[in-house]
Structures are given as structure tokens and as C-alpha cells.
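Remarks on the structure that follows.
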Amino acid sequence: MGFRKHNLGIKIQTVTGHRNGVSGEGFHLVAFTFTAADQEGGETTSLLATVFEAHKHVAVIDPTDVESKWRGDQFEDELRAATQRWEDNLPVNL
């Protein structure tokens, strides 16, 4: 049985690009909020993602609760779209 994506309610707050030293892989940091449409009460959580160039290389954390578990693959499409908009100098927080 495969995983089911949440009905995503994410809002991008900021996107920044970073280099990882002289020869390390670059990455983007994305701050965003998430509200699962299938959650009762619609609680919103502030999250931070590290998005590397390679697909399936996305890490998501809650900076206020680093022991919580979040699946980067559930957010990857939306996060990559935001980083591409940032690279294209377009607004990312639509």
C-alpha cells in the first residue's frame, strides 16, 4: 500500500538559496506553513525545508519540535515549484 498525500494547504513564507562551501552541493531553504485539509480543527504548523538539487532529497522539520517527523516527499512538488519561482525572480508566496 502506497502512502497517500495529504490535501496540501501550504503557504510559502520565504525561499533562500545557499552554497555549501566551495565544492559542496547547493540547496534552498524554504520556510512555509502547512494546514492539512483532512485535519479536524485545521491546525497550522510552521515548517522549514531543505531542498537539494536531486529529486527525493528534501528534508522537512518543525523548528519548534525537532523530534517531530515530517515526510519531505509529501511536500516536494510544491517546494520545488517555489524554489523554481525564486530562481526565476518571481513571487514565491502566492
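Computed from the coordinates by the stated procedures, all read-outs in this text should not be read as laboratory data. None of these values were measured; they are calculated from a predicted model. Positions of Cβ are backbone-derived with ideal geometry, glycine not excepted, and every protein chain shown enters the neighbour counts.
Residues checked against (1) in a strand (DSSP E or B); (2) within 14 Å of Lys11 (Cα to Cα); (3) of a type in the set (Val, Ile, Thr); (4) within 9 Å of the chain's Cα centre (by Cα):
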{"site": "Ala31", "(1), (2), (3), (4)": "yes, yes, no, yes"}
{"site": "Ala37", "(1), (2), (3), (4)": "no, yes, no, no"}
{"site": "Lys56", "(1), (2), (3), (4)": "no, no, no, no"}
{"site": "Thr64", "(1), (2), (3), (4)": "no, no, yes, no"}
{"site": "Lys69", "(1), (2), (3), (4)": "no, no, no, no"}
{"site": "Thr83", "(1), (2), (3), (4)": "no, yes, yes, no"}
Odd one out for Ser46 among (1) more than 23 Å from Asn20 (Cβ to Cβ); (2) not in a strand (DSSP E or B): (2)
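To keep it simple, each residue is scored yes or no on (1) in contact with a Pro (Cβ under 6 Å, 6 or more places away or on another chain); (2) over 19 Å from Asp88 (Cα atoms).
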| position | (1), (2) |
| --- | --- |
| Glu25 | no, yes |
| His28 | no, no |
| Leu48 | yes, yes |
| Asp65 | no, yes |
| Trp70 | no, yes |
